[in-house]
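Each remark here refers to the structure printed beneath this line.
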Amino acid sequence: MYIGKQSHIQRRAIILLVVLLLLAVAPPTEAQEVAIGTATATVLSAVTVTATAALAFGNVYQGVTASIANNNASAAIFTISGQANAGVTLYFQLPEYLTLTTGGDRMNISFSATDASIDTTGANNPATMAGTKGWQDTDPRGLPSTATIGSAGTSVYLGGKVYPSAFQQAGSYSADIILTVSYNGT
Amino acid sequence: MNCKLAIAFLFFLLIGTSAFAQPIVTGVSDLAFGTMYPGVPLKVDKASASAAEFSITGTAGAEVTVTFTLPTYMNVSGYTMQMIFFNTDMAIDSNPTPNQLAPAYNDLDPWQTQTVRLGSAGLTVWLGGKAVPALKQQSGSYVADIVLTVQYTGN
């Protein structure tokens, strides 16, 4: 009787061992683990530019050139806002002539290498511009690459000169002046 | 087989079973682009301190597959920002002292499943990437999930 019980226990132990053996050698491919990481980024406010004031030559006479300095109240004003102290790239697309609103005639316009100023105080007042406020009398076709947005924004002032001919047709003339502003990552 | 032998065999089996430990994968650090300007894309290199890092542990010498599920956008409050992962943005090192600058497996394609063997200290996985904010990208803190799945191959 005792021998029979022992044999029975041994058989059960062997069965248990076989089961454990099967478990032990089971392919571990079912073991899978997943982790979730994160990508993060903080995007700053977008840059905006607004044409605040036109370059206004007012009334001009046939055959008499007219100039507007960039510190004149009639200078063009562009207002830039965005992330304070961020570096920006500025690019003017300047016209070569004004067009008669009703069509039929053109009037030449030019911009010198000192016709632009960049005011990082954001004053939007050409008359108060000074060298200590940014870049004064700079080239509108080669604006400084180190320009930044001031804490209250940045203003860009632009002057120019028109050349009405002796036979310039009377009327209102206009042209687009485009200033493109983008962050440069600095 | 007597009972003592059976117990010894059982003990052996338990030890053998524990050798096939479940792989554990942990996100160590985020893929952090930091502050970005609208319109100015930014790339984080896989060898930089801002790269994502994952740690994998398990049975040393076991072969595993490592599979990323990558986002194509980051999100904030309904706004999205494009992300790009290039085919060399992933690196893996199986050395006990992982070297991010000179990993054992470099310039891997994170879009493809990679098969490697766990080192004595497991594996370290790095991931770089690029974020591309639009010119008028909405400001805010953007996030996206990066999922890493690890599985034994049985080899």
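Ligands, DNA and RNA excluded, the heavy atoms of A:E96 present near 130 Å² of accessible surface to a 1.4 Å solvent probe.
Measure out, as a whole number of angstrom, how far apart the alpha-carbon centroids of the range B:135-155 and the range A:59-105 sit. Measuring centre to centre over Cα atoms gives 47 Å. Assuming charge only on the beta carbon of Lys and Arg (+1) and of Asp and Glu (-1), the dipole of the protein assembly as shown about its Cα centre is about 1040 debye to the nearest 20. Legend: translational diffusion of the protein assembly as shown by Stokes-Einstein, Rh = Kirkwood radius over C-alpha pairs, 10 °C, 1.306 mPa s; D = 62 µm²/s. The ratio of the alpha-carbon radius of gyration of the range A:48-183 to the globular-protein estimate 2.2 N^0.38 Å is 1.08. When the protein assembly as shown is described by a simple charge dipole with +1 on each Lys and Arg Cβ and -1 on each Asp and Glu Cβ, the residue from A:Q168, B:A91, A:A75 located farthest towards its positive end is B:A91. So what's the net charge close to B:I84: Lys and Arg +1, Asp and Glu -1, counting the other residues with Cβ under 11 Å from its Cβ? Around B:I84, the surrounding residues sum to +1.
What the protein assembly as shown shows is 52 Å² of accessible area per residue, with the surface traced by a 1.4 Å probe over protein heavy atoms. What is the sum of charges, Lys and Arg at +1 and Asp and Glu at -1, for the other residues whose Cβ falls under 15 Å from the Cβ of A:V43? With Lys, Arg at +1 and Asp, Glu at -1, the net is +2. Accessible surface of B:M36, taken over heavy atoms with a 1.4 Å probe and every protein chain present, rounds to 0 Å². One chain, two ends: A:A73 and A:S145. Fully extended at 0.36 nm per residue, the span grows by 23.3 nm beyond their Cα-Cα distance. About its Cα centre, the dipole of the range A:48-183 is roughly 60 debye, where the only charges are +1 on Lys and Arg Cβ and -1 on Asp and Glu Cβ.
Largest accessible area first, the residues A:T79, A:T50 order themselves as A:T50, A:T79 under a 1.4 Å probe with ligands, DNA and RNA left out. Lys/Arg Cβ at +1, Asp/Glu Cβ at -1, dipole of the protein assembly as shown taken about the Cα centre: which of A:Q62, A:N108, B:T72 is farthest positive-ward? Of the candidates, B:T72 comes out farthest on the positive side. Each Lys and Arg Cβ is given +1 and each Asp and Glu Cβ -1; about its Cα centre, the range B:22-152 then shows a dipole of about 260 debye.
Interface area, chains A and B: about 3600 Å² of buried accessible surface, summed, with a 1.4 Å probe and ligands, DNA and RNA left out. Overall, the accessible surface of chain B at a probe of 1.4 angstrom is composed of carbon and sulfur to the extent of 57 percent. With 30 Å as the limit, the listed pairs B:K43/B:K136; A:K133/B:K130; A:K133/A:K161; A:K133/B:K43 have A:K133/B:K130; A:K133/B:K43 beyond it between alpha carbons. Once both labels are positioned 7 Å from their Cα atoms along Cα-to-Cβ, the gap between A:T50 and A:L100 label points is 3.5 nm.
The values are calculated or read from the model by the stated rules, or taken from the named source; none is laboratory data. Please read these numbers as outputs of a predicted model, since none were measured by experiment. Methodologically, a virtual Cβ is constructed for each residue, glycine included, from the backbone with ideal geometry; neighbour enumeration extends over all protein chains shown. In case anyone asks, the SASA skips ligands and DNA or RNA and just uses the protein heavy atoms, side chains included. Shrake-Rupley method; radii C 1.70, N 1.55, O 1.52, S 1.80 Å.
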